[in-house]
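Structure first, commentary second.
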Amino acid sequence: MAINRTFFFSEVRATLFAGRLTPGQTRGLTAILDHWEQAHARSDDRWLAYMLATVHHETDKKFVGIREYGLGRGRPYGRPVPPYGHAYYGRGFVQLTWQANYQKMSAVCGVDLVANPDLALELGICTRILFHGMINGSFTGRRLADYFSPAREDWVQARRIINALDKAHLIADHAHRFYAAISYTTG
C-alpha cells in the first residue's frame, strides 16, 4: 500500500528536521519514497526506514547528493587517479567512494561515473545507487536482508552495510523514527 505522504512528511518534519523541510529535502525524500513505491513496495518497510536514516546521516540531513566533506583529503580514495585524473571521494546519498565502486555503479545506472563522478550527485542517480547498493550488498558485501528479515531485526549492526559501526546507534535511532512514520501510514 502507498505511504500516506501527508502524515509521513508531517511526522518526519517534526521528529527529524526540527519542524522545517527545505525544498531540497522534500525532493530527496520524495524521490526515495517514489522509487520505493515503484520498485520495492512489497519489500520490508524496515529497509526503507534504514535507507532513509542512512541518507539523513550521510547527507547531513540535506537529502541531496553531496560531496564528502574534505573531498577525501588524506585518504587514499581522495587522490586523483588515471585515466581521468579524478578523485573518487564520497558523493551522493551514500558517499560512494573508490574508483572500483564508481565503475560498479556505472553499470547499474547506465552512465559513466568513472569519467564523470559528479553524476553521482544527481538525484535520480544517487537514488539508484542507494537502493541497489543497500539491497544487493554492493558497498561492503552486507545487505538490508542480512539485518531485516522475518527472523532478524538489527538496527545497529545494519550500519555495516555502509561503513562499519560509525554512528550506528544514532542512525538506528533515526531509522526508528522513519519507521514510525512509514509503519503508521502503510497497510
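Each reported figure results from applying straightforward, stated rules to the coordinates on display, with no laboratory input. Because the structure is predicted, anything quoted here is derived from the model rather than measured. Quick reminder, even Gly has a Cβ in these numbers, built from the backbone with ideal geometry, and neighbours come from all protein chains shown.
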Based on the mean of other Cβ atoms within 10 Å per residue, sort peptides 154-163, 141-150 so the most packed one is first. 154-163, 141-150
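Taking 4 °C and 1.567 mPa s as the conditions, I'd like the Stokes-Einstein D for the stretch 128-187 in µm²/s, using the Kirkwood hydrodynamic radius from alpha carbon pairs.
On the way: Rh = 12.1 Å.
D = 107 µm²/s.
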At 1.306 mPa s and 10 °C, plugging the Kirkwood radius over alpha-carbon pairs of the stretch 13-54 into Stokes-Einstein gives what diffusion coefficient in µm²/s? 143 µm²/s
Alpha carbon centroid spacing (whole Å) that separates the stretch 56-96 from the stretch 162-183: 21 Å
Testing the spin-label approximation: label points 7 Å from Cα along Cα→Cβ at Gln157 and Arg73. State their distance in nm. 3.8 nm
Longest principal axis of the chain (C-alpha) makes with the long axis of helix 5-16 (C-alpha) an angle, in degrees to the nearest 10, of 70 degrees
Förster radius 45 Å - calculated FRET efficiency between Ala100 and Thr22, Cβ distance, rounded to 0.05: 0.85
What trypsin sites (Lys or Arg not before Pro) in the stretch 1-42 are in a loop by DSSP, with at most 13 other Cβ atoms within 10 Å of the Cβ? Arg20, Arg42
Taking 0.36 nm per residue of separation between Leu170 and Asn136 and subtracting their Cα-Cα distance, the length gained on full extension comes to 9.9 nm
Compactness of the chain, expressed as Rg and Dmax over alpha-carbon positions, Å: 16.0, 50
13 Å beta-carbon shell around Thr22, net charge (K/R +1, D/E -1): +4
Counting Lys +1, Arg +1, Asp -1, Glu -1, what net charge surrounds Asp34 among other residues with beta carbon under 13 Å of its beta carbon? +2
